[in-house]
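Taking it in order: structure first as structure tokens, then the write-up.
The values are calculated or read from the model by the stated rules, or taken from the named source; none is laboratory data. Nothing here was measured: the structure is a model prediction, and the numbers come from that model. So basically every Cβ, Gly included, is an ideal-geometry build from the backbone, and we count neighbours across all protein chains shown.
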């Protein structure tokens, strides 16, 4: 099992390029099950979750050719997909258990094959993420769904003894903490092949949903309203192939923005989805970061220079996570790490996943002043963090601890960084190019003296 050893105190500076979005790529890969024509996806990041999805798709009759190539603009690989066998419709537990997003194959398989069987997913430790909204949405389209032996089995009823189609309907996807991103992706994908019109109310507005809608539209789907709380889909009989480039990862970009501020650095971030990070940029500016944005005509692929607060130091702020376009929950931990060095008290409130504070105890081990009360943490800024052995508990908490280690005095050992590999492509290599002193160590092998 790998760990990171970080010697902190180095000011980061330089240039890096954001990889394709993991959270966009996973439902895009699943959407290849909607057509019998070839699908090409570009700038696919090399991540553990992506590898799990690429291992799952062949078990569902989809051939996969993953070319790890790099050109002058985008750092990711190219994946060629072609669904040639629709007789197998079971996503097995041994793969699904590693990745929550595997649930997004449910809608495409159901719509195209009339049958889908998917094991209840795993891959997350930050609190309950029920799939009931996915199930209710597909039931509204006419699917019969049962739970059996840990599997979700969904069927399209036969009509007069012949294979039937899903039926367009009005679907409400609001939950106790807002809309569901993967649920919206599932229902929207399924509705593209349904008979008639589907209206999704309280749909997720995240840019990853817009990217999926853009790809489905290029495949022949009829979708309007993506990016708003109401999405309208007029079903078609079939979809064609497509060549599509994934949007850049806004959470990766936001993490490196925090890295610039916490180390008082100067980082230029290329292929940066600035238009999807306005809430994050706003909070970092109030905390003292300086931004120079060149959108080059495309605000989703901008070049963004982020400079630290200089002698003024990091300023305390208040932030509350919200559904997009509000402040993203996936950047809450990274911002909290940054605010541990602010000059005063900050208040961080988590409204999406109220148990997403597993990093609080580990930051406290490094000298952070944190007080949690329910969904809120008061961050009392300290003059310095101190390196210590810490344990990563989930993906974004891992990134949070890396940021703290970069700014801390002494050496920080971060264990269980396999969480980090689910969402950041070789993060240590990128940080080294920016001047960080960081090393990936296999715990079976002693570190070099």
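For this structure, a couple of remarks:
- Of the residues 47, 26, 57, the single one that is assigned by TED's automatic domain parsing to the domain that holds residue 217, touching a helix residue (DSSP H, G or I) at 6+ places or on another chain (Cβ under 8 Å) and farther than 23 Å from residue 187 by Cα is 47.
- Candidates 48, 13, 24, 30 - the one that is in contact (Cβ under 8 Å) with a residue 60 or more places away in the chain and within 21 Å of residue 417 (Cβ to Cβ): 48
Here is a yes/no grid of residues against (1) assigned to a helix (DSSP H, G or I); (2) within 23 Å of residue 440 (Cβ to Cβ); (3) modelled with pLDDT of 95 or more; (4) in contact with a helix residue (DSSP H, G or I) (Cβ under 8 Å, 6 or more places away or on another chain):
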site: 336; (1), (2), (3), (4): yes, no, yes, yes
site: 346; (1), (2), (3), (4): no, no, yes, yes
site: 356; (1), (2), (3), (4): no, no, no, yes
site: 384; (1), (2), (3), (4): no, no, yes, no
site: 401; (1), (2), (3), (4): yes, yes, yes, yes
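- Counted residues, the range 129-154 - those being crowded, with 21+ Cβ neighbours inside 10 Å and closer than 15 Å to residue 102 by Cβ: 3
- Per the listing 32, 101, 24, the residue uniquely at pLDDT 95 or above, out of contact with any strand residue (DSSP E or B) (no Cβ under 8 Å at 6 or more places or on another chain) and crowded, with 24+ Cβ neighbours inside 10 Å is 24.
- Residues within the range 232-248 that are surrounded by 24 or more Cβ atoms within 10 Å (Cβ to Cβ) and out of contact with any helix residue (DSSP H, G or I) (no Cβ under 6 Å at 6 or more places or on another chain), tallied: 1
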